[in-house]
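Enquirer: Input: one structure, supplied below.
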Amino acid sequence: MLVKETSKIMNLNINVMNESGLIIATGDPSRLNTIHEGALEVVRTGLAVEITEENIEKFRGTQQGINLPIILDGRVAGVIGITGNPEILRDRGGLVKMMAELLVKQSYMASQSEWRQRTIEMIIEELLKKMPDSKNIDRWLGLLDLKLIGPYAVSLIKIGNDSFSRHMLIEKTKEILGKRNILASYADVNKLLLLFTEVSNEEQMKKLNKLYDELEKLKIDFKLAFSPVYDSLLQTRRGYQECEMALAISPPKKRMISYIEIEPEALIHQIDPELAKQFTERVLRGELKNQLDTLQAFFDANLNIKDAAAKLYIHRNTLIYRLNKIKTESGFDPQNFKDAFALQMLIWLNK
């Protein structure tokens, strides 16, 4: 890109050479992949080399022009050459060199960023395995010069649209939450996993509330679940599974869910399917099938008839009639705590 754009704008032939003096980009295709001895001299000395009529025979594979070092992190990463009369080109060489160094630095930073993110992805992938390899995790953390300290917590964000690319969403999340004490990686095609370190329940809630508000401003369709904090990094898989369960069984319109909120229901969903089927088939009969919404509203109102009736937009006597009918047909009294719990289990298992 540098060769093409600079040649076009400045009407110059530009050559780019690597540390071995090989021409890797040029406006003159016949010179591609040939050795430029002037570039070798630049790499050796770290200084600019002008090739003129007087010294051209000293440098094979060259033409008249200026060759300048491309400096990256204090070392010569390559050479930029401009073909032409050095007397005329001298003032323009500095500009071309600066453009080259900017582009090389941008490319280097992008490649470093991609490498770091891929290493983070490998760490997360390992942590989500049933039997994670601690040695691999420690080795990858060492490459990143990171040390993860507990307590830890997991958050999982399910994305419903593609208005943001995966890379952009990760970067935006880091921008909102800060890059310290957080690893971000996609655990699935549309699920972004956040691993918090050195975090308390209160700090986690503060950060997630901030993230929730910012994602809403960006009009991103999302649903966010989060685990309680845990002490061991190797419990990350459990935190992830808790978030997956929270996303799966929470109400569709609820966009931010704590696993702790749905933990009783989550435990019910882990009952042996055959036992669950036997229970639902035995209890869920007759009119009860049509009264599950009524029951849930009653339970959500903490068994308060007045509040539940108001929520359902019915008279309290209508609600009492329905509850009595449920008691008669099912044998479970919704106003009795033990029976109410059994009926709540039935609703959860019937989802």
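Enquirer: Name the pairs whose Cβ atoms lie under 9 Å apart, with the first residue in region 272-286 and within 18 Å of Lys325 (Cα to Cα), the second of a type in the set (Asp, Glu), and 6 or more positions between them or separate chains?
Expert: Arg285/Glu329; Gly286/Glu329
Enquirer: Okay, next question. Within region 205-221, identify whether any single residue is touching a helix residue (DSSP H, G or I) at 6+ places or on another chain (Cβ under 9 Å), under 18 Å from Met256 (Cα atoms), among the basic types (Lys, Arg) and part of a strand (DSSP E or B), and answer yes or no.
Expert: no
Enquirer: Kindly check whether there is at least one residue in region 81-88 that is surrounded by 18 or more Cβ atoms within 10 Å (Cβ to Cβ), modelled with pLDDT of 85 or more and in contact with a helix residue (DSSP H, G or I) (Cβ under 8 Å, 6 or more places away or on another chain).
Expert: yes
Enquirer: Further question: Has region 265-285 got at least one residue that is under 30 Å from Leu215 (Cα atoms), in contact with a Phe, Trp or Tyr (Cβ under 8 Å, 6 or more places away or on another chain) and in a helix (DSSP H, G or I)?
Expert: yes
Enquirer: For region 60-111, which residues satisfy the criterion of being over 34 Å from the mean Cα position of the chain (by Cα) and among the charged types (D, E, K, R)?
Expert: Arg60, Glu87, Arg90, Asp91, Arg92, Lys97, listed by residue number.
Enquirer: While we're looking at this one, here's another question. Of all residues in region 306-336, count the ones that are in contact (Cβ under 8 Å) with a residue 24 or more places away in the chain, not polar (S, T, N, Q) and not in a loop (DSSP other than H, G, I, E, B).
Expert: Adding up the residues that qualify gives 6.
Enquirer: Quick check: anything in region 141-150 more than 26 Å from Ala225 (Cα to Cα) and of a type outside the set (A, V, I, L, M, F, W, C)?
Expert: Checking region 141-150: at least one residue is more than 26 Å from Ala225 (Cα to Cα) and of a type outside the set (A, V, I, L, M, F, W, C).
Enquirer: Still on this structure, please answer the following. Among the residues of region 289-346, count how many are charged (D, E, K, R) and farther than 26 Å from Gln270 by Cα.
Expert: Filtering region 289-346 down to residues charged (D, E, K, R) leaves 289, 293, 300, 306-307, 311, 316, 322, 325, 327, 329, 333, 338-339.
With the extra rule that they be farther than 26 Å from Gln270 by Cα, the set shrinks to 306-307, 311, 316, 322, 325, 327, 329.
Residues flagged as charged (D, E, K, R) and farther than 26 Å from Gln270 by Cα within region 289-346 amount to 8.
Enquirer: Another question, then. Please enumerate the residues belonging to region 269-282 that are surrounded by fewer than 18 Cβ atoms within 10 Å (Cβ to Cβ) and either of a type in the set (A, V, I, L, M) or touching a strand residue (DSSP E or B) at 6+ places or on another chain (Cβ under 8 Å) (or both). Talk me through it step by step, then tell me what you get.
Expert: Step one: of region 269-282, the residues surrounded by fewer than 18 Cβ atoms within 10 Å (Cβ to Cβ) are 269-275, 277-282.
Of everything in region 269-282, those that are surrounded by fewer than 18 Cβ atoms within 10 Å (Cβ to Cβ) and either of a type in the set (A, V, I, L, M) or touching a strand residue (DSSP E or B) at 6+ places or on another chain (Cβ under 8 Å) (or both) turn out to be Ile271, Leu275.
Enquirer: Further question on the same structure: So which of Thr26, Thr6 ends up being crowded, with 18+ Cβ neighbours inside 10 Å and modelled with pLDDT under 65?
Expert: On the way: Thr26 fails: modelled with pLDDT under 65.
The match here is Thr6.
Enquirer: Next up: Only residues that are of a type in the set (Val, Ile, Thr), under 18 Å from the mean Cα position of the chain (by Cα) and not assigned by TED's automatic domain parsing to the domain that holds Ala246: list them for region 115-172, please. Don't jump to the end; show me each part of the working.
Expert: The initial filter retains those residues of region 115-172 that are of a type in the set (Val, Ile, Thr), namely 119-120, 123-124, 137, 149, 154, 157, 159, 170.
Of the ones still in play, those that are also under 18 Å from the mean Cα position of the chain (by Cα) are 119-120, 123-124, 154, 157, 159, 170.
Passing the criteria: Thr119, Ile120, Ile123, Ile124.
Enquirer: Would you mind stating whether Leu194 is in contact with a strand residue (DSSP E or B) (Cβ under 9 Å, 6 or more places away or on another chain) and in contact (Cβ under 8 Å) with a residue 60 or more places away in the chain?
Expert: It is false that Leu194 is in contact with a strand residue (DSSP E or B) (Cβ under 9 Å, 6 or more places away or on another chain) and in contact (Cβ under 8 Å) with a residue 60 or more places away in the chain.
Enquirer: Now for a different question. For region 157-196, give me the residue count where each residue is assigned to a strand (DSSP E or B) and under 17 Å from Glu214 (Cβ atoms).
Expert: Filtering region 157-196 for residues assigned to a strand (DSSP E or B) gives 157-159, 182-188, 191-196.
Retained after the next criterion (residues that are under 17 Å from Glu214 (Cβ atoms)): 157-159, 182, 184, 192, 194, 196.
Count: 8.
The values are calculated or read from the model by the stated rules, or taken from the named source; none is laboratory data. Treat the numbers as computed from the prediction; the structure is a model and nothing was measured. Every residue, glycine among them, receives a Cβ derived from its backbone with ideal geometry; neighbour counts consider all protein chains shown.
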